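Take a look at the structure set out below.
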């Protein structure tokens, strides 16, 4: 008498074991983004834009048993009890920090935890996905986070988040655009009167500096045209490959008044020559894969390519104050990359500061909380100093 349940996109298949194929039944499913069937096969739980709902499974259909109400925009890790009467999940939204939520039949969905009680009642930025024309007339997808208390017609100091993929634009429904922007939390900046625009750079993997500069400038120009951003108070933020973009852009233009590069790099020669703790030549592997079409060889066979594509060799053109942050144990981008940038800019008598975090790796979201807080304060104060005064 045991039954196997198989979920399709629109059907729930009930497959009795040790029974003829003709006894298999297909039941229409309700609209959903997430769906779970209880272990005893009596219920299913669905999550959709309309909310979280409990359904009773009958022999040939499902019927709504309880509407638990709306949840935040993003629901993940949905787990349900053996009889399907209880659901526990992780939820977050553009203005709702990630928390554990719970719903039961007869009890509407609500917080089971409040991991950030200090944020309750705090003003948040206004999140607005938007489209604009980028280089070559291609439509780009960006995300604008306007300051708390935004006034129509007023232009604001603005930080452009950059990364040569859709890293910052792929999750506008997540709090602070997802964990990758944690130490440069857009809502923290918005609470201090600074707007944030995530640049649409979904196909920026080429790492050709003129193309990257054009993509970044297009996002800034779109924010200015929409009346959101003050053209005289623009900043940049990037981490890892995004840090490379920041380091590259400020060698080609002086329009940005402040920049932050976290775990970034600027020298393809030293990256190619770098070793990790296990003696692996990470840079050589990268030069054959993600950088292959760009560098087309080795520092010995194509030295001009390595120099021309390395922002380090153009640091004498930088006029933008730059804040560098790096983890000393970064396995992906050796901290010596930030060392080089700092030494070069200091030698050129440019405004540069550098914080190196002991014991930390590549992603700030994984750093210890004291170091995350220190980094967030440094970033905020850097932008306040150069964009608002």
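The values are calculated or read from the model by the stated rules, or taken from the named source; none is laboratory data. Keep in mind the model is a prediction, meaning the values are calculated, not measured. All Cβ positions, even for glycine, are placed from backbone atoms using ideal geometry, and neighbour counts span all protein chains on display.
Test of understanding: among 332, 344, which residue is in contact with a helix residue (DSSP H, G or I) (Cβ under 6 Å, 6 or more places away or on another chain) and under 17 Å from residue 264 (Cβ atoms)?
Numbers: 332 fails: in contact with a helix residue (DSSP H, G or I) (Cβ under 6 Å, 6 or more places away or on another chain).
Of the residues listed, the single one that is in contact with a helix residue (DSSP H, G or I) (Cβ under 6 Å, 6 or more places away or on another chain) and under 17 Å from residue 264 (Cβ atoms) is 344.
Do we find that residue 92 is under 30 Å from residue 172 (Cβ atoms) and either in the same structural domain as residue 170 (by TED's automatic domain parsing) or in a strand (DSSP E or B) (or both) in this structure? Break it down stepwise before answering.
Details: under 30 Å from residue 172 (Cβ atoms): yes; either in the same structural domain as residue 170 (by TED's automatic domain parsing) or in a strand (DSSP E or B) (or both): yes.
Criteria met by residue 92.
Would the stretch 355-365 turn up any residue that is in contact with a strand residue (DSSP E or B) (Cβ under 6 Å, 6 or more places away or on another chain), surrounded by fewer than 18 Cβ atoms within 10 Å (Cβ to Cβ) and over 20 Å from residue 277 (Cα atoms)?
Yes - at least one qualifying residue is present in the stretch 355-365.
Can you name the helices (runs of 4 or more DSSP H) wholly within the stretch 141-258 that have at least 2 residues being in contact with a strand residue (DSSP E or B) (Cβ under 6 Å, 6 or more places away or on another chain), within 16 Å of residue 131 (Cα to Cα) and touching a residue at least 24 places away in the same chain (Cβ under 8 Å)?
The helices (runs of 4 or more DSSP H) meeting that bar are 209-225.
Got a number for residues in the stretch 63-77 being in contact (Cβ under 8 Å) with a residue 24 or more places away in the chain and more than 22 Å from the chain's Cα centre (by Cα)?
Residues in the stretch 63-77 being in contact (Cβ under 8 Å) with a residue 24 or more places away in the chain and more than 22 Å from the chain's Cα centre (by Cα): 6 in total.
Does residue 101 qualify as being over 30 Å from residue 143 (Cα atoms), in the same structural domain as residue 7 (by TED's automatic domain parsing), surrounded by 19 or more Cβ atoms within 10 Å (Cβ to Cβ) and free of Cβ contacts under 8 Å to residues at least 40 places away in the same chain?
Considered against the rule, which asks whether it is over 30 Å from residue 143 (Cα atoms), in the same structural domain as residue 7 (by TED's automatic domain parsing), surrounded by 19 or more Cβ atoms within 10 Å (Cβ to Cβ) and free of Cβ contacts under 8 Å to residues at least 40 places away in the same chain, residue 101 comes out as no.
For the stretch 38-61, enumerate the residues that are surrounded by fewer than 19 Cβ atoms within 10 Å (Cβ to Cβ) and either more than 30 Å from residue 177 (Cα to Cα) or not assigned by TED's automatic domain parsing to the domain that holds residue 103 (or both).
Those that are surrounded by fewer than 19 Cβ atoms within 10 Å (Cβ to Cβ) and either more than 30 Å from residue 177 (Cα to Cα) or not assigned by TED's automatic domain parsing to the domain that holds residue 103 (or both): 39, 40, 41, 42, 56, 58, 59, 60, 61.
Can you name every residue in the stretch 1-53 that is in contact (Cβ under 8 Å) with a residue 24 or more places away in the chain and part of a loop (DSSP other than H, G, I, E, B)?
29, 30, 33, 38, 39, 40, 41, 42, listed by residue number.
Let's see how each residue does on (1) at positive phi; (2) touching a helix residue (DSSP H, G or I) at 6+ places or on another chain (Cβ under 9 Å); (3) crowded, with 24+ Cβ neighbours inside 10 Å:
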position	(1), (2), (3)
246	no, yes, yes
256	no, yes, yes
277	no, no, no
307	no, yes, no
311	no, yes, yes
321	no, yes, no
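Tally up the residues in the stretch 339-376 that are under 26 Å from residue 315 (Cβ atoms), assigned to a helix (DSSP H, G or I) and within 22 Å of the chain's Cα centre (by Cα), please.
The total comes to 3.
For the stretch 377-389, which residues satisfy the criterion of being out of contact with any strand residue (DSSP E or B) (no Cβ under 7 Å at 6 or more places or on another chain) and part of a helix (DSSP H, G or I)?
Those that are out of contact with any strand residue (DSSP E or B) (no Cβ under 7 Å at 6 or more places or on another chain) and part of a helix (DSSP H, G or I): 377, 380, 381, 384, 385.
Is it the case, given these coordinates, that residue 323 is assigned to a helix (DSSP H, G or I), closer than 21 Å to residue 237 by Cα and under 22 Å from the mean Cα position of the chain (by Cα)?
For residue 323, the condition - assigned to a helix (DSSP H, G or I), closer than 21 Å to residue 237 by Cα and under 22 Å from the mean Cα position of the chain (by Cα) - is not met.
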